[in-house]
Amino acid sequence: MFLRFRTLRQHCRAALLLVGIALSIPISAAAPPALGLREAIAAALDTNPDLRIFEFEFRAADAVRDQAALKPTLVAEAGLENFLGTGETQGLQAAEATFSLSQVIELGGKRESRIAVAGAGRDTLTSARQAAQLDVLAEVTRRFIAIAALQEQALLDQRAMALAEQTLQAAETRVNAARAPHVELDRATVALERARLDQQTTRSRLDAARRALAAMWGADEAVINGRPMGEVRGDLFRLPEMEDFGALMKRLQASPDFLRFANEERLRDAELRLAATQRRPDITLGGGLRRLPGNDVALVASFSIPLFSGRRAGSSIAEAAARRDAVGATREAALVKARAQLFGLYQELHDTAATVNVLEVTAVPKMEEALKETEYAFERGRYSYLELVDAQREYLDLQRARIDAGARAQLIATEIERLTNAPLTTP
């Protein structure tokens, strides 16, 4: 089992992991259908609680863009002068009432710049959602791998139970034939009980792992699409073919984690252009009617413009420029860290794959043969109980190491694919 990250546009215009998986674990006809990683990913993309938040974020971003496109509001103003005074201005005899409308005329492309900032902000949100989708898909895969590893462990527990039962039967035969002390039977009985406890522990962990996976699509129980979750289809020991490190580095820089820096740079550039528009002041035009004493009516007009706008805009421009420059520095720092992380994972995957290969090809087969020979000799009285138990323990330890190495290799491959947003092998 290995993960395949495709580009975001290649699956429903969103991120999707592709995995070639084949299950070697038999299931009964009455068991729920086996779950594939593709199905688990689709369920998570549809209903993951963390991804649903972006629906509201986009609605808010659209509202911000609509707000940015609005023109300045038309202002209505009413005033009353020369009333309730003394002499000729007593009462309302000399009152002058004015009604006027005023409008701010934006200059310097302020409205267009506001719209550009809002649009760039929405683009950064798109990049954030793409990165969040990859995070969700990577976490689905990690939990999927955990279940696959526990399924292998459950099979190994069954093997351990069978060995313990065989050993108990053989010990009982030896004790009854007075060829071994009774303590050998007691130790074999304890070993069988420990095997049962290990089996129960694995089952409990497997149940918890299934619920953890189901939580990725918002389910409180181990269900998917309204049906109980069955076994997962996964081969821990089918490892991906690793590409050249240089090719992975190119993919790293094109991943959503770094594309978001490009979107953020565009946002900061738009903010800088918006700040620069403040150098050119807006003007306010107004006009209306004034009622004079004696019921005479006259027109009024007004014009206003703020002074020293260029000086006041300087600090805003400097702030926007600093924020824009900071994006590039942040990107370079993130790229340095990601390169080091990718190289470490790449080397670790090489080493882990070599471990899996040695265990698969050499260690486990030889240990299986050694165990058979030890069992044969034990049954004929040539080996002691301790020698048989040691051989069984070494065999089971190697099998556990094989499972751990396979799961570790798959997890490392998942991390590499999360960083590079691409499969390690061509589809």
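Read-outs: derived from the displayed coordinates by stated rules, not from any lab. Model, not experiment: these values are computed from the prediction. Cβ placement follows ideal geometry from the backbone for every residue including glycine, while neighbour counts extend to all protein chains displayed.
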Practice prompt. Please work out the ratio of the alpha-carbon Rg of the range 170-312 to 2.2 N^0.38 Å and round it to two decimals.
Written response: 2.77
Response to the item:
Mean projected area (nm²) from the convex hull of Cα positions in the range 226-269 is 6.8 nm²
Worksheet item: Using 0.36 nm per residue, how much length does the chain from S384 to A262 gain when fully extended, once their Cα-Cα distance is taken away?
Response: 37.0 nm
Worksheet item: What's the FRET efficiency of D207 with D244 using the Cβ-Cβ distance as r and R₀ = 41 Å, to the nearest 0.05?
Response: 0.50
Response to the item:
In nm², the average projected area of the convex hull spanned by the Cα atoms of the range 171-217 is 3.3 nm²
Discussion item. Can you compute the modelled spin-label distance between L92 and R339, with each label point 7 Å from Cα toward Cβ, in nm?
Written reply: 8.0 nm
Discussion item. If you average the C-alpha positions of the range 56-105 and of the range 175-223 separately, how far apart do those two centres end up, in angstrom?
Written reply: 79 Å
Worksheet item: Percentage of Cα-Cα pair distances in the range 28-81 greater than 12 Å, rounded to whole percent?
Response: 79 percent
Worksheet, complete the sentence: Sorted on mean Cβ neighbours within 10 Å (highest first), peptides 192-199, 175-182 come out as 192-199, 175-182
Discussion item. To the nearest 20 Debye, how big is the dipole of the chain about its Cα centre, given +1 on the beta carbon of each Lys and Arg and -1 on that of each Asp and Glu?
Written reply: 1000 debye
Practice prompt. Compute log10 of I(q)/I(0) for the range 64-184 with the Debye formula, placing one identical point scatterer on every Cα and leaving out solvent, at q = 0.09, 0.15, 0.19 Å⁻¹, to two decimals.
Written response: -0.70, -0.93, -1.06
Fill in: Residue (of F58, V336, A148) at the positive-pole extreme of the chain, dipole from beta-carbon charges
F58
Worksheet item: Bin by bin, in steps of 20 Å, what percent of the Cα pairs in the chain do you find, going until the bin that has the longest distance?
Response: 19, 33, 22, 14, 8, 3, 1
Worksheet item: Hey, got the dipole for the range 83-181? About the Cα centre, +1 on K and R Cβ, -1 on D and E Cβ, debye to the nearest 20?
Response: 560 debye
Worksheet entry | More than 20 angstrom apart: percent of Cα pairs within the range 58-114 | 56 percent
Discussion item. Against the 2.2 N^0.38 Å scaling, with N counting residues, where does the range 332-394 land? I'd like the Cα-based Rg ratio to two decimal places.
Written reply: 1.98
Worksheet item: What shape does the range 162-251 take by its C-alpha gyration tensor, where a ≥ b ≥ c are the square roots of the eigenvalues and a/c under 1.5 counts as rounded, a/b above b/c as prolate, and the rest as oblate?
Response: oblate
Worksheet item: What fraction, in whole percent, of alpha-carbon pairs in the range 273-412 exceed 28 Å separation?
Response: 65 percent
Response to the item:
Restricted to the chain, the DSSP antiparallel beta bridge percent, nearest 5, is 95 percent
Discussion item. Eigenvalues of the Cα gyration tensor times 5, then square-rooted: what semi-axes does that give for the range 82-126, in whole angstrom, largest first?
Written reply: 52, 11, 7
Practice prompt. Sort all Cα-Cα distances of the range 251-355 into consecutive 10 angstrom bins from zero, then give the percent of pairs in each bin up to the one containing the longest distance.
Written response: 12, 21, 17, 15, 12, 9, 6, 4, 2, 1, 0
Fill in: Ordering of 257-264, 322-329 by burial proxy (mean other Cβ atoms within 10 Å per residue, highest first)
257-264, 322-329
